[in-house]
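Engineer: Next up is a structure, given as structure tokens.
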Amino acid sequence: VEVVSAPAEMQRLAEAARRQGSRIALVATMGFLHEGHLALMREARRRASLLVVSIFVNPTQFGPSEDLTRYPRDLAGDVAKIREVPADLVFAPDSADIFVPGAQTWVEVSELTRGLCGAHRPGHFRGVTTIVAKLFNLVRPHLAIFGEKDFQQLRAIQQMVRDLNFDVEIVSFPIVRESDGLAMSSRNAYLSADQRRDALALSRALFAARDRAAAGLCDPQALRAIAAEVIASYPRVELEYLEAVDAETLSAPPQAGRPLLLAVAARVGNTRLIDNLVLGRRD
Ligand code: PAF
């Protein structure tokens, strides 16, 4: 697998591949890859003839008190995993080549990023949509796959593509979980053994609500309350938010018959974890 770091070289290779008729898929990551990322890559591999994986810890999506400097990094380990998929190209640029001095342009999706994580991480989604727009321009993908664990991110990217007429198909991929239910995340690497046990509060809360929904309960606030009770039974888990919202607009609880997103963010020690579940989806 070829590792490219210069943005201009990435763009040149992408244009050449397009001219030769390749169908390009992008899996955008911040590295420290886990099985969830690899599942996205395998799906992308199935759908395209040229698979590009980007690895870039994007400074603009971290707040000043967040974990940018300690975010886990392992480029050599990541490339070894990507080789197994296999992908064709790894795009791993330097920050200085991506954010050149004098840049003034941001891409911001307004409504969808107001609540949930957006309310607690000012500027985060603006950083995400800006880097994803830049990656689309550099990698020139026909399709890009994003995991549903970052559900609000996925919705913001879908909206950006629609609003700005990006010619990129956005494919969403279900959350990949450990066998005990914990949603896979690079940040799980921060957890001690005790914290790893406490982290199960998030998925257990969502699964409790899912079970009650399967048994016929459909009031969003009642389902939220069931999840909240489970989280409250873990005294060391500090809830940031737990919300039941419309899975499309991410605001106000849905009308009957529309999919419901139950989304949670919580701190376990210093580690911020998120998880979610969509109920009532037709697929
Ligand atoms: O989901 C992530 O890993 C990041 O937010 C992304 C999409 C690679 C943008 O930096």
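Bear in mind these aren't lab numbers, they're just calculated from the coordinates by the rules spelled out. These numbers come from a predicted model, not from an experiment. Every residue, glycine as well, gets a Cβ built from its backbone with ideal geometry; the counts of neighbours run over all protein chains shown.
Engineer: Work out how much length A214 to Q11 would gain on full extension: take 0.36 nm times their residue separation and subtract the Cα-Cα distance, in nm to one decimal.
Structural biologist: Using 0.36 nm per residue and subtracting the Cα-Cα distance, I get 68.3 nm.
Engineer: Over the chain, how many percent of alpha carbon pairs lie in each 5 Å bin up to the one with the longest distance?
Structural biologist: Whole-percent P(r) values from 0 Å outward: 1, 5, 12, 16, 18, 17, 13, 9, 5, 2, 1, 0.
Engineer: State the volume of the convex hull built on the alpha-carbon positions of region 205-283, expressed per residue in Å³ and rounded to an integer.
Structural biologist: 86 Å³
Engineer: In whole Å, what is the distance between the alpha-carbon centres of region 2-33 and region 42-97?
Structural biologist: 12 Å
Engineer: Also, quick follow-up: Could you work out the relative contact order of the chain? I mean the mean sequence separation of Cα pairs under 8 Å and 6+ apart, divided by the number of residues, in percent.
Structural biologist: Once normalised by length, the contact order is 17 percent.
Engineer: Relative contact order for region 22-116: what is it in percent, counting Cα pairs under 8 Å that are at least 6 residues apart?
Structural biologist: It comes to 32 percent, rounded to a whole number.
Engineer: Over region 131-283, what number does the Rg to Rh ratio reach, with both radii from the alpha-carbon atoms and Rh per Kirkwood?
Structural biologist: Result: Rg/Rh = 1.00.
Engineer: Same structure again: Most exposed first by the Cβ proxy, i.e. fewest other Cβ within 10 Å, how do S54, S203 rank?
Structural biologist: S203, S54
Engineer: Which of T249, T29 comes first, and how do the rest follow, when ranked by fewest Cβ neighbours within 10 Å?
Structural biologist: T249, T29
Engineer: Given springs between every Cα pair under 10 Å in a Gaussian network model of the chain, which of T130, T105, T69 has the largest fluctuation?
Structural biologist: Comparing T130, T105, T69 in a Gaussian network model of the chain, the most mobile one is T105.
Engineer: Estimate the FRET efficiency between S192 and H120 by the formula 1/(1 + (r/R0)^6), using the beta-carbon distance for r and 22 Å for R0, to the nearest 0.05.
Structural biologist: E between S192 and H120, to the nearest 0.05, is 0.40.
Engineer: Next question, about the same structure. What's the magnitude of the charge dipole for the chain around its Cα centre, counting Lys and Arg as +1 and Asp and Glu as -1 at the beta-carbon? Answer in Debye, nearest 20.
Structural biologist: Its charge dipole is roughly 340 debye.
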